[in-house]
Amino acid sequence: KVARGGYKRGSLNRDGATAAFVVAALAFSCSLRSGMTLLVFYKTGSMLTKVGASVKNKLEDGYAAEGQRGASQVLACSAIAVACAVARRLLVGTDGPIDLADVQCLGNRLTLAFVAFFACCAGDTYASELGILSRSPPRIVTQPWKVAPPGTNGGITALGTLASAGGGVCMGLCHAVFLGPLLPPSAHECAALTYVGLLAGVGGSILDSLLGATVQATYYDEERKLIVKKQSAATKCVSGFPLLSNEMVNFVSTTAVALLAALAPQPLLGWLAV
């Protein structure tokens, strides 16, 4: 239903809708909490895209509140997490409460990777969609003394950072709350997954900004006073180098955060489990 609706509204092209249907079907087949986490990420991200659309359109060339997403964009924001959910289902069995103190449990590690992945995705999405509306100009994360135009890759604002924290917390709480109608989550699990979401949301957003400021180029059209996607005679590069696309940066950052969460050392997990 979500994939069909996205295709009809134009937010997904045909390939994107097909990819969205497949990953959503896989996620829900693994567990309710996996499917709902993916669904909440998609719905909240779509809602935030529309916030301040008229302002964003003046700051970024080609911005559209319902810009079409293809299969590569859908998979970059879901494939690794869904693979973790499928692996847990096949190797561990039915989903259940997570205990961060039990670091030897493969299911716990896979759940951490799943939550951290979507927390990173949500943190970056929320920061991008709300940070660009900040009244304070962004500063390049690698050069905090340097002010950049709104929408610059690698630019950070207080509003954007706060939004990334909110995105991470939202994903952590969502994964805890939707454990199942007959198995309500404990306050302990809600707190633990909230911490994980918060760390992954903020940390992932910062990592994404670091990559955006270094290996992803941002071009600014000085005549029209806005960020553009392609270089031309009227543009100047205000940050980064043209090595990775936006989808590749997102894939690298989310995968790295998921891997770090899955391999987190016992002392850190023990602290989160308190």
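Applying the selection to region 225-242, what residues are free of Cβ contacts under 8 Å to residues at least 60 places away in the same chain and either surrounded by 15 or more Cβ atoms within 10 Å (Cβ to Cβ) or closer than 21 Å to V74 by Cα (or both)?
Across region 225-242, the qualifying residue is only T235.
Please give the number of the condition S232 fails out of (1) in contact with a strand residue (DSSP E or B) (Cβ under 8 Å, 6 or more places away or on another chain); (2) part of a helix (DSSP H, G or I); (3) of a type in the set (G, A, S).
Failing condition for S232: (2).
Could you say which residue among V196, V177 is within 20 Å of the chain's Cα centre (by Cα), more than 20 Å from R109 (Cβ to Cβ) and at pLDDT below 95? Working first, answer last.
Working: V196 fails: more than 20 Å from R109 (Cβ to Cβ).
Criteria check complete, one pass: V177.
Check region 176-185 and report whether any residue there is surrounded by 21 or more Cβ atoms within 10 Å (Cβ to Cβ) and out of contact with any helix residue (DSSP H, G or I) (no Cβ under 7 Å at 6 or more places or on another chain).
No, there is no match, as no residue in region 176-185 is surrounded by 21 or more Cβ atoms within 10 Å (Cβ to Cβ) and out of contact with any helix residue (DSSP H, G or I) (no Cβ under 7 Å at 6 or more places or on another chain).
Select from region 136-161 the residues that are closer than 22 Å to S54 by Cα and without any contact (Cβ under 8 Å) to a residue 24 or more places away in the chain and list them in ascending order.
Across region 136-161, the qualifying residues are S136, P137, P138.
Please state which one of L162, L207 is surrounded by fewer than 19 Cβ atoms within 10 Å (Cβ to Cβ) and not basic (K, R).
Details: L207 fails: surrounded by fewer than 19 Cβ atoms within 10 Å (Cβ to Cβ).
Result of the check over L162, L207: L162.
For region 210-219: of the residues being among the hydroxyl-bearing types (S, T, Y) and touching a Gly at 6+ places or on another chain (Cβ under 9 Å), which is surrounded by the most Cβ atoms within 10 Å (Cβ to Cβ)?
Taking region 210-219 first, the residues among the hydroxyl-bearing types (S, T, Y) are 214, 218-219.
Filter once more, keeping what is touching a Gly at 6+ places or on another chain (Cβ under 9 Å): 214, 218.
On the way: T214: 19, T218: 24.
Selected residue: T218.
Do we have any residue at all in region 123-145 that's crowded, with 24+ Cβ neighbours inside 10 Å and within 30 Å of G93 (Cα to Cα)?
yes
Out of curiosity, is G35 at pLDDT below 80 and either under 30 Å from E223 (Cα atoms) or surrounded by fewer than 21 Cβ atoms within 10 Å (Cβ to Cβ) (or both)?
Working: at pLDDT below 80: no; either under 30 Å from E223 (Cα atoms) or surrounded by fewer than 21 Cβ atoms within 10 Å (Cβ to Cβ) (or both): yes.
For G35, the condition - at pLDDT below 80 and either under 30 Å from E223 (Cα atoms) or surrounded by fewer than 21 Cβ atoms within 10 Å (Cβ to Cβ) (or both) - is not met.
Considering only region 126-157, how many residues are charged (D, E, K, R) and either assigned to a loop (DSSP other than H, G, I, E, B) or touching a Phe, Trp or Tyr at 6+ places or on another chain (Cβ under 8 Å) (or both)? Please lay out each step first, then the result.
In the first step, residues of region 126-157 are kept if they are charged (D, E, K, R); the result is 129, 135, 139, 146.
With either assigned to a loop (DSSP other than H, G, I, E, B) or touching a Phe, Trp or Tyr at 6+ places or on another chain (Cβ under 8 Å) (or both) added as a condition, the list becomes 135, 139.
Number satisfying all stated conditions: 2.
Just checking, which of K236, K225 is charged (D, E, K, R), at pLDDT 85 or above and out of contact with any Phe, Trp or Tyr (no Cβ under 9 Å at 6 or more places or on another chain)? Break it down into steps so the answer makes sense when it comes.
Working: K236 fails: out of contact with any Phe, Trp or Tyr (no Cβ under 9 Å at 6 or more places or on another chain).
Testing whether each residue is charged (D, E, K, R), at pLDDT 85 or above and out of contact with any Phe, Trp or Tyr (no Cβ under 9 Å at 6 or more places or on another chain) leaves just K225.
The values are calculated or read from the model by the stated rules, or taken from the named source; none is laboratory data. Since this is a predicted model, take the numbers as computed values, not measurements. Counting neighbours? That spans all protein chains shown, and the Cβs are built from the backbone with ideal geometry, glycine included.
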